[in-house]
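> Below is the structure I would like to discuss, written out as structure tokens.
The values are calculated or read from the model by the stated rules, or taken from the named source; none is laboratory data. Remember, it's a predicted structure, so these values are computed and weren't measured experimentally. Note: ideal-geometry Cβ built from the backbone for every residue, glycine included; neighbour counts use all protein chains shown.
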Amino acid sequence: MQFTAHQIGILLNGTVEGNPDVTVNKLARIEEAKAGSLSFLANPKYEPFLYQTEASVVIVNEDFTPSQTIQSTLVKVADPYSAFSVLLEKYNTIRLDKKGIETPSFIHPEAQIGANVFIGAFAYISAGAVIGDNSKIYPQAFVGDNVQIGSDCTLFPGVKIYSDCVLGNRIVIHSNAVIGSDGFGFAPQPDGSYSKVSQIGNVVIEDDVEVGSNTSIDRATMGSTFIRKGVKLDNLIQIAHNAEIGANTVIASQTGISGSSKIGENAVIGGQVGVVGHISIAKGSQIQAKSGINRSIEEEGKKWAGAPATSYHNNLRSQVVLQRLPDLERKIEELNRAIAELKNNKS
Amino acid sequence: MQFTAHQIGILLNGTVEGNPDVTVNKLARIEEAKAGSLSFLANPKYEPFLYQTEASVVIVNEDFTPSQTIQSTLVKVADPYSAFSVLLEKYNTIRLDKKGIETPSFIHPEAQIGANVFIGAFAYISAGAVIGDNSKIYPQAFVGDNVQIGSDCTLFPGVKIYSDCVLGNRIVIHSNAVIGSDGFGFAPQPDGSYSKVSQIGNVVIEDDVEVGSNTSIDRATMGSTFIRKGVKLDNLIQIAHNAEIGANTVIASQTGISGSSKIGENAVIGGQVGVVGHISIAKGSQIQAKSGINRSIEEEGKKWAGAPATSYHNNLRSQVVLQRLPDLERKIEELNRAIAELKNNKS
Amino acid sequence: MQFTAHQIGILLNGTVEGNPDVTVNKLARIEEAKAGSLSFLANPKYEPFLYQTEASVVIVNEDFTPSQTIQSTLVKVADPYSAFSVLLEKYNTIRLDKKGIETPSFIHPEAQIGANVFIGAFAYISAGAVIGDNSKIYPQAFVGDNVQIGSDCTLFPGVKIYSDCVLGNRIVIHSNAVIGSDGFGFAPQPDGSYSKVSQIGNVVIEDDVEVGSNTSIDRATMGSTFIRKGVKLDNLIQIAHNAEIGANTVIASQTGISGSSKIGENAVIGGQVGVVGHISIAKGSQIQAKSGINRSIEEEGKKWAGAPATSYHNNLRSQVVLQRLPDLERKIEELNRAIAELKNNKS
């Protein structure tokens, strides 16, 4: 993929200043760009880099005028950051474009495969599975019995989807994530051993969800574990059986949501957070990294921190005092002495 | 799979009340059941759902009499919950029944494959490996050189078992779990770099163990990392080299057990717990989620919490006072002022 | 592999005492060794085991003289521990030696494969990928478009490397680790949903790095996520987009490094640590397990602990006082009473 500054100007509906024939074949940040790169300048504090960069083409704001001589060709647009994002996405779409069915792959005769799909070598599509149009099943991915996958989805290499799970449209699941493994349910027996509680539910993932690499989402014991529309899950996350993650909620890496807990919509949960089972977290909650949530949160849109978590501000105050604990202890000793002295003086 | 109420009555040794010919083809919770579902009522507090449910068949206690009219056919049995569990298990057994050797799969000529096994496409069985009768090796699983797997085991898609590991019978390992990866052993060198300590031991997993998805169990440096009989491990757990997990111990998601530590039998360990290396935890210990265990626990059957962990009750008390820390600090200031006043008054 | 004591003596440049014809075929710790095993005695406190062991051959220090009768043949060398390590490594090299290209595997015609490589069945090598000499790509591993892998590398079964990542030489990546999955970048939209920020950078891993099983390293948004020379990462670690891990830094299991953070050289980071985004940690820092690092660390070579982290010694003192918090509270009450009494006495 190679473009001239002239072509980029047309694509972005911008004005070219400098050599319109210079070509670029990669995208780079302005502080790192080499010859042949396309970059952008949106934040004025990065302007000094413009006078040093080797980038062949730089996208700038339409009202920008350089104060020193520059080597790069400029493409002036109304909103450089958005324009660059458009290019990024276009670049990625071309880069990740895959089509066709590679061999050897395993497609059960009772599976239904939509139009225009990619199925990589060593991918496995089980009986009764449905793969929607334009979806990409990368090599070594596994799609279990009766799994339904909508259109425009991507399962990256090594993703495993257990039987009966249901995925909507435009879902992206990164490598080695596991969807629909058994919930962790075992009934204690009188002899101290455990007997397994069969896990016959499934996982339902709605449209526009993204799931990070090595994340595990367990199937429900009965019914469904729900990942609602627009949820974004980072890597190495645990979502236990019968949990429900509300629409447009974002969860960072290594967080765990225990069984049957419900997270409201538009929540933002940091990394390494733990949420106990059978509670609800109100919509719009913001939970700081490493927090431990051990009871339901009913007030919407508040910030929480700590383990066990309290309001963000209480936690902050406690943290500050915690640092001063050794001093506090010393002060108490001083008070003790002062009082003893007062008593002595009196007597 | 479709059954009539009459057939279920015979299967469960129960009495049918209502239409014996109604059919069911799925299992559901009473509060969610639709027509065609089989459900159960064990806990009396769910009785109101019985009068609203669309379930075609509901299993109830033999001495139960409905107080309102109902649509569902009832099957009356001595213990509805157990009866339903029996059905769940039967359903799951049928659902997960797989047999035969799919192609292409890789089975080394020096591997031994038992009777009645399932080996999915793209599974890999190395030289010297032994797979016992009735075991299922799902697609894309890997069984290394000389690995021994007993009978009635299930390796779900993408499980990787490194060479020389030994698994007993009736073991279930969920997708993308890794058994026998190298222990994390590196010797610091004078120049600041590290040289690898070869990890030549293995992992031994005894009968009736279940391992969750994306869990890692490292091989011993020498000797074995042991997962004893009946242990249940959730997803995304780390078991380091030379650790030993005692029989019937249960560990929740995202917990890490460091090298050479030994967990006693019948312990219950919550999620996101960390256990340092080279310690022992007494049998029957109960460790709250997110705890950090940094020393051996010798007393059996106690509850622990916090990081670093103390007894559960101490931790609870400290947590309560911690919330009041800013108040405590204020009180100390007040005491200071009171004493200063007393002194002033005196002089 | 079977060796006589005589052969081992020659191999290690040592002196044999006892039967030179006795044979060994495995390595074991002296306290566990059975007949046919080779063991070693380096630490004098293990000497009592020498008089009980069934090991056929034991490597000892050249100036060691047994004080009791022994059954084992001794091989005396200058440094028993190093000598044993040499044997371990040799044993492992033989054990893990794999060569050739198994079928079915997928090697794109535009991939370049070096001399003397191993490519296991069901491995996938994409267009433009380069695999250096002597590297081993185990079964079910995935190497994306244009990935460069140097010489003498090992990708264990199920490793996934996304497109455009660059790996140096002598790198070991354990099963189901994922290199180059998308960074977690989403731009909030006015309607509460998120739009994906395309992640077009890559991951660069320098020479002599080891990455544990089920670890995730995300590609940079633009530019590279860097894992510098000699870094050792344990299992289940998260390295976010645009992070940089300095040379010879060691990170234990389940730790997470957030986006754009930079860890200096020769740092030692414990398990379950969290590091927030966009900070720097000075070289030689030692961070205790479960710590939360929420700001940059500028001083080199210090120890840190706690969440949020403070200096190791402060944290220790605070922990001690924290245990005494309920007592402190009681003392404050006593002081209160004492002052009230003093005031009463006065009035």
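> Which residues, taken from the stretch B:78-137, are crowded, with 22+ Cβ neighbours inside 10 Å and of a type in the set (D, E, K, R)?
The answer is B:Lys136, and nothing else.
> Of all residues in the stretch B:279-295, which are more than 13 Å from chain C (Cβ to nearest Cβ), under 18 Å from B:Ile239 (Cβ atoms) and not basic (Lys, Arg)? Before you say what the answer is, go through the steps one by one.
Taking the stretch B:279-295 first, the residues more than 13 Å from chain C (Cβ to nearest Cβ) are B:280-288.
Restricting the remaining residues to those that are under 18 Å from B:Ile239 (Cβ atoms) gives B:280-281, B:283, B:285, B:287.
Correct list: B:Ser280, B:Ile281, B:Ser285, B:Ile287.
> Scan the stretch B:204-218 and tell me whether some residue there is over 25 Å from A:Pro139 (Cβ atoms) and touching a helix residue (DSSP H, G or I) at 6+ places or on another chain (Cβ under 7 Å).
No, the stretch B:204-218 contains no residue that is over 25 Å from A:Pro139 (Cβ atoms) and touching a helix residue (DSSP H, G or I) at 6+ places or on another chain (Cβ under 7 Å).
> Follow-up question, since we're still on this one. Can you name the condition, by its number, that A:Phe226 falls short on among (1) surrounded by fewer than 24 Cβ atoms within 10 Å (Cβ to Cβ); (2) assigned to a loop (DSSP other than H, G, I, E, B)?
(2)
> If you don't mind, there's one more thing I want to ask. C:Asp207 versus (1) more than 9 Å from every other protein chain (Cβ to nearest Cβ); (2) out of contact with any Gly (no Cβ under 9 Å at 6 or more places or on another chain); (3) not basic (Lys, Arg): which is the lone unmet condition?
(2)
> OK, next. Whether any residue in the stretch B:290-303 is of a type in the set (S, T, N, Q) and surrounded by 21 or more Cβ atoms within 10 Å (Cβ to Cβ) is what I want to check.
Yes - at least one qualifying residue is present in the stretch B:290-303.
> Give just the number: which of (1) surrounded by fewer than 20 Cβ atoms within 10 Å (Cβ to Cβ); (2) of a type outside the set (A, V, I, L, M, F, W, C); (3) not in a loop (DSSP other than H, G, I, E, B) does B:Gly192 not satisfy?
Condition not satisfied by B:Gly192: (3).
> I'd like the full set of residues that are small (Gly, Ala, Ser) and either facing chain C (nearest Cβ under 7 Å) or closer than 16 Å to C:Pro326 by Cα (or both), limited to the stretch B:313-347.
Of everything in the stretch B:313-347, those that are small (Gly, Ala, Ser) and either facing chain C (nearest Cβ under 7 Å) or closer than 16 Å to C:Pro326 by Cα (or both) turn out to be B:Ser318, B:Ala338.
Every residue, every condition in (1) more than 30 Å from C:Tyr138 (Cβ to Cβ); (2) among the acidic types (Asp, Glu); (3) in the same structural domain as B:Asn19 (by TED's automatic domain parsing); (4) out of contact with any Leu (no Cβ under 6 Å at 6 or more places or on another chain), yes or no:
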{"site": "B:Thr65", "(1), (2), (3), (4)": "yes, no, yes, yes"}
{"site": "B:Ser85", "(1), (2), (3), (4)": "yes, no, yes, yes"}
{"site": "B:Pro104", "(1), (2), (3), (4)": "no, no, no, yes"}
{"site": "B:Ala111", "(1), (2), (3), (4)": "no, no, no, yes"}
{"site": "B:Ala141", "(1), (2), (3), (4)": "no, no, no, no"}
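> Would you check if C:Ser253 is in the same structural domain as C:Asp182 (by TED's automatic domain parsing) and either surrounded by fewer than 21 Cβ atoms within 10 Å (Cβ to Cβ) or more than 14 Å from the chain's Cα centre (by Cα) (or both)?
Considered against the rule, which asks whether it is in the same structural domain as C:Asp182 (by TED's automatic domain parsing) and either surrounded by fewer than 21 Cβ atoms within 10 Å (Cβ to Cβ) or more than 14 Å from the chain's Cα centre (by Cα) (or both), C:Ser253 comes out as no.
> Go through the residues of the stretch A:145-168 one by one and say whether even a single one is in contact with a Cys (Cβ under 7 Å, 6 or more places away or on another chain), β-branched (Val, Ile, Thr) and under 25 Å from C:Gly183 (Cα atoms).
No, the stretch A:145-168 contains no residue that is in contact with a Cys (Cβ under 7 Å, 6 or more places away or on another chain), β-branched (Val, Ile, Thr) and under 25 Å from C:Gly183 (Cα atoms).
> Right, something else. Which of the numbered conditions does B:Ala247 fail, given that it passes all the others? Conditions: (1) assigned to a loop (DSSP other than H, G, I, E, B); (2) under 28 Å from A:Gln272 (Cβ atoms); (3) hydrophobic (A, V, I, L, M, F, W, C).
Only one criterion is unmet by B:Ala247, namely (2).
> Output the strands (runs of 3 or more DSSP E) that fall wholly within the stretch C:7-63 and possess 1 or more residues being within 14 Å of chain B (Cβ to nearest Cβ) and surrounded by fewer than 21 Cβ atoms within 10 Å (Cβ to Cβ), or say none.
none
> Sticking with this structure for a sec: When the residues of the stretch B:296-312 are narrowed to those that are part of a loop (DSSP other than H, G, I, E, B) and at the interface with another protein chain (Cβ under 8 Å from one of its Cβ atoms), which ends up nearest to A:Thr255 (Cα to Cα)?
B:Ala307
> Check A:Ile179 against each of (1) within 11 Å of chain B (Cβ to nearest Cβ); (2) part of a loop (DSSP other than H, G, I, E, B) and name the one condition it does not meet.
(2)
> Continuing with the same structure: Are any of the residues in the stretch C:100-116 within 20 Å of C:Ala220 (Cβ to Cβ), in contact (Cβ under 8 Å) with a residue 12 or more places away in the chain and touching a strand residue (DSSP E or B) at 6+ places or on another chain (Cβ under 9 Å)?
No, the stretch C:100-116 has no match at all.
> Further question on the same structure: Collect the residues in the stretch C:184-217 that are in contact (Cβ under 8 Å) with a residue 24 or more places away in the chain and over 29 Å from C:Gly120 (Cα atoms), keeping them in residue-number order.
Across the stretch C:184-217, the qualifying residues are C:Phe184, C:Gly185, C:Val197, C:Gln199.
> Ok, one more. What number of residues in the stretch C:256-278 are of a type in the set (D, E, K, R), in a strand (DSSP E or B) and at the interface with another protein chain (Cβ under 8 Å from one of its Cβ atoms)?
Selection size over the stretch C:256-278: 0.
> Right, next: Tell me, please, whether a residue that is touching a residue at least 24 places away in the same chain (Cβ under 8 Å), of a type in the set (S, T, N, Q) and not in a loop (DSSP other than H, G, I, E, B) can be found in the stretch A:156-173.
No, that holds for no residue.
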